[in-house]
Amino acid sequence: MGGGVGIAEESAEAVRDGPPVELRLLGPLAVRRHGAAVALPASRKVRGLLAYLALASHPVGRSQLCELLWDGPSDPRGELRWCLSKIRGLVDDPGRPRLETVGDTVRLDLADGFVDAAEVALAAQQGIAAIAPERLRALAALFAGEFLDGLEIGRSPAFTGWLTAQRRRFRGCRIALLEHLAASAQDEVRLGHLEAWLELVPFDPRVHGLVLEELARRGRIREGEAHLAAAIRQFEAEGLDGTILRRAWQAARSRNDSTIRSPPAADASGGSPDDVALAVSRRASIAVMPFADPAAAGSHNGVADALAHDVTTRLAKLRSLFVIAQGTVFALRDRRIGAEDAGRMLDVDYVVSGFARRQDRRLTVTVELTEARSARIVWAEMFNQTLDDAFLVLDEIGNRIVAAIDSEIETIERNRAILRPPNSLDAWEAHHRGLWHMYRFTRDDNEQARHFFEIALRQDPNFARAHAGLSFTHFQSAFQGWAPRGPEIDRAFEAAGQSLVADDRDPTAHWAMGRALWLRGDHGRSIAELEQAVELSPNFAQGHYTLAFVHSQSGDPGTAIAASERSRRLSPFDPLLFGFLGARAMALVRLGRFDEAADWGMKAAARPNAHAHIRAIAAFSLALAGRPDEARIHAAAIRRALPHYRVADFLTAMQFAPEDQRLFRDAASRIGLD
């Protein structure tokens, strides 16, 4: 992305001179050199190419630029050279060339310049919610209109597609800026931000509600009534129901009219009963927009629609997210409402959008997960596969998309919860605070995790995943030997049972019960519960991993290896990745494939949160592979953390058959861990 000099207070001299090169893309294209406006070439392609290069994050190939702007001229490279010569005249200084051509690539170096769109894009990437109000105002002031306002290039479909995407992107950024400014501003300034926001999303009932609330708060009832009437006419003209606006106005009047009776008394937590109920039942919400297919005609796109439906269904099966129904988002697509606007209209936390294109025997899918409030893209991926079997390919891509979305949202929510004051957490946040501690795999963190899961359950006794998390902490205490094994096994089983009572369709509840049954030595029922977990949600990576874990010790080692690989493909950055790898290593030991086991064991031990049992898998596998020096390095690392650790601790935690136990005892005797 083009570099910027930042937004800061400038001296009078700096204001007069300005940066060496300044590009304004948020509105009509404008170029300034040392503070003075520069006349632009008449060619639209020169101007479009300048904007494209200003936002490119890396050098761009000439062939790509030709495809972007020319639809079959006789000499596209010749025209490209002419356009680049015009751009040099706009941006280069004597002794300071900014348009660089290396080999067959082109790059625009604006490290000493300023690009308004680059500033906004960087802020969105870093998170608009964390930006100070004064910088928010400066960023919002950069918008003088739509991105490259008035610049369209006929017969250039690739450029038109890029331009449309950028306009949608920066429009979303502008909305996010105005939303956060409105939240932090007061009086007329706040109302001004709300009105500017509403101009961009005239059919967003949430923004209308905020405007009505502000007018009611100030006692401007006549203006509120007029706004309501105009908005309802506008909604009805588009075939939309204006009832929600009437309700918003009635609620705003009730809250702000001193003649209305006092609101219901708050409970001990400080909120009204309705507020408390909302906090208890809150889950992160998500909308999966229909995937676009640039090659499809009309609004219905075959494979793209099927994939969006599949992702929506699989996310709903996770039971951890509030998923907007497919009919709602498809109706918004049919009204040509983009992903960012839809996210705000539906008032969701996250939006999934993307493209799916089938060409010959290949399917290319690009997916983005965006935080609706900040317009920040938190995850993006491209899948490109041969369509040997369309149903199998869609199934595999759908699983990987959903597993990645689930993992990314859980990470975001965990990190957000850890920054909140502990006494301010609702059930959802307390649960994720517990997960943050749980995945650190230390005794103290395990106790902290248990504490936060219990807080979540006091607020919401029917929170299935909090019960499952609590079960996991008791499992860890028994498995790691941090507390007397028998009582912790009973507590893990009891909490898993409560999770199933709360929601027996939640795969995490069956996962918790499968683990608890394994601790009890009931391997058959354990596997049945874990298979139920992955049947409910085929993309549940930790369910596949725990199947691998159980099979690696007392079941079929071949099944363990396949399940381990499945979990790793679904969630390659999972906090339990060390377990995915360690289970595979144990299965390979049982198969006598010691060299492979050693390699996978070392990968498991290299994970930053790997505990002593994982390091022991690496040490024993290396010893069995005839690599004692490497094995002793891992043994020494274990002893530094746990001076009294022995193979008996490892075998007590695991559940191997006698013949497999002998293998590990032999390995331990070779490296001094017997």
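Out of all DSSP beta bridges in the chain, what portion is antiparallel? Express it as a percent rounded to 5.
Of the beta bridges lying entirely in the chain, close to 80 percent run antiparallel.
Which whole-number percent is the relative contact order of the chain (Cα, under 8 Å, 6+ apart)?
Reported relative contact order: 7 percent.
Just in region 485-594: which chymotrypsin sites (Phe, Trp or Tyr not before Pro) are loop by DSSP and have at most 15 other Cβ atoms within 10 Å?
In loop regions of region 485-594 (DSSP not H, G, I, E or B), the sparsely surrounded chymotrypsin sites (Phe, Trp or Tyr not before Pro) are PHE573.
When the chain is fully extended, how far beyond the present Cα-Cα distance does THR243 get from ASP187, taking 0.36 nm per residue of separation? Numbers along the way, then the final one.
Numbers: separation 56, 0.36 × 56 = 20.16 nm, distance 2.74 nm.
That works out to 17.4 nm of additional length.
Can you compute the charge dipole magnitude of region 526-571 about its Cα centre, using +1 on each Lys and Arg Cβ and -1 on each Asp and Glu Cβ, nothing else charged? Give it in debye, rounded to the nearest 20. Before the final figure, lay out each step's value.
Numbers: 3 positive and 5 negative charges, 46 e Å.
My answer is approximately 220 debye.
Keeping all protein chains in the complex and leaving out DNA, RNA and ligands, what accessible area do you get for GLU596 with a 1.4 Å probe, in Å² to the nearest 10?
About 80 Å², ignoring ligands and nucleic acids.
List, in order, the whole-Hz ³J(HN,Hα) value for each residue of region 324-331 obtained from phi through the Karplus relation with A = 6.51, B = -1.76, C = 1.60 and θ = phi - 60°; use x for Gly and Pro.
My calculation for region 324-331 gives 5, 4, 4, x, 5, 6, 5, 5 Hz in order.
Amide H neighbours of ALA292 under 5 Å, counting only residues 5+ apart in sequence or on other chains, H built in-plane at 1.01 Å?
Here the answer is GLY354, PHE355, ALA356, since their amide H atoms fall under 5 Å of that of ALA292.
Using a cut-off of 12 Å between beta-carbons, work out the net charge of the residues near ASP204 (Lys and Arg +1, Asp and Glu -1, ASP204 not included).
Residues close to ASP204 contribute a combined charge of -3.
Please report, as a whole percent, how much of the solvent-accessible surface of region 509-567 comes from carbon and sulfur atoms (probe radius 1.4 Å).
Reported share for carbon and sulfur atoms: 51 percent.
Take the Cβ-Cβ distance between ARG107 and ALA132 as r, set R0 to 25 Å, and report the resulting FRET efficiency rounded to the nearest 0.05.
My answer for the efficiency is 0.20.
Given the options ALA287, ILE617, ALA325, identify the residue whose Cα lies farthest towards the positive end of the charge dipole of the chain (+1 on Cβ of Lys, Arg; -1 on Cβ of Asp, Glu).
The listed residue farthest towards the positive side: ILE617.
Of ALA637, LEU547, SER567, which is farthest along the charge dipole of region 547-674 in the positive direction, counting Lys and Arg as +1 and Asp and Glu as -1 at C-beta?
Looking along the dipole axis, the top candidate is ALA637.
Provide the per-residue ³J(HN,Hα) series for region 468-474, in order, calculated from phi with Karplus coefficients 6.51, -1.76, 1.60 and θ = phi - 60°, each as a whole number of Hz, with x at glycine and proline positions.
5, x, 4, 4, 5, 5, 5
With +1 on each Lys and Arg Cβ and -1 on each Asp and Glu Cβ, how big is the dipole of the chain about its Cα centre, in debye rounded to the nearest 20?
620
Please find the FRET efficiency linking GLU199 to THR442, where r is the Cβ-Cβ separation and R0 is fixed at 51 Å, and quote it to the nearest 0.05.
Step by step, r from the Cβ atoms, then E = 0.45.
For region 408-447, what is the charge dipole size about the Cα centre, in debye to the nearest 20, if Lys and Arg each add +1 at the Cβ and Asp and Glu each add -1 at the Cβ?
100
In the chain, once you exclude exposed trypsin sites (Lys or Arg not before Pro) (DSSP loop, at most 11 other Cβ within 10 angstrom), what's the longest stretch remaining?
Longest stretch, sites excluded: 362-674.
What value, in deg cm²/dmol to 500, does the helix sum -39500 (n - 2.57) over DSSP H runs of n ≥ 4 give at 222 nm once divided by the residues of the chain?
Roughly -19500 deg cm²/dmol at 222 nm, from the helical runs in the chain.
What does the accessible area per residue of the chain come to in Å², with a 1.4 Å probe and no ligands, DNA or RNA counted?
Per-residue value: 45 Å².
Stretched out fully, how many nm does the piece from LEU419 to ASP504 gain, at 0.36 nm a residue minus the Cα gap?
That works out to 27.4 nm of additional length.
What FRET efficiency would be calculated for the residue pair ASP490, ALA165, taking the C-beta separation as r and a Förster radius of 51 Å, to the nearest 0.05?
After rounding to 0.05, the efficiency reads 0.35.
The values are calculated or read from the model by the stated rules, or taken from the named source; none is laboratory data. Everything numeric here is computed off the predicted structure, so don't read it as measured data. Cβ coordinates were reconstructed from backbone atoms using ideal geometry, including for glycine residues, and neighbour counts include every protein chain displayed. Heads up: the accessible areas ignore ligands, DNA and RNA and are worked out on the full protein's heavy atoms, side chains in. Shrake-Rupley method; radii C 1.70, N 1.55, O 1.52, S 1.80 Å.
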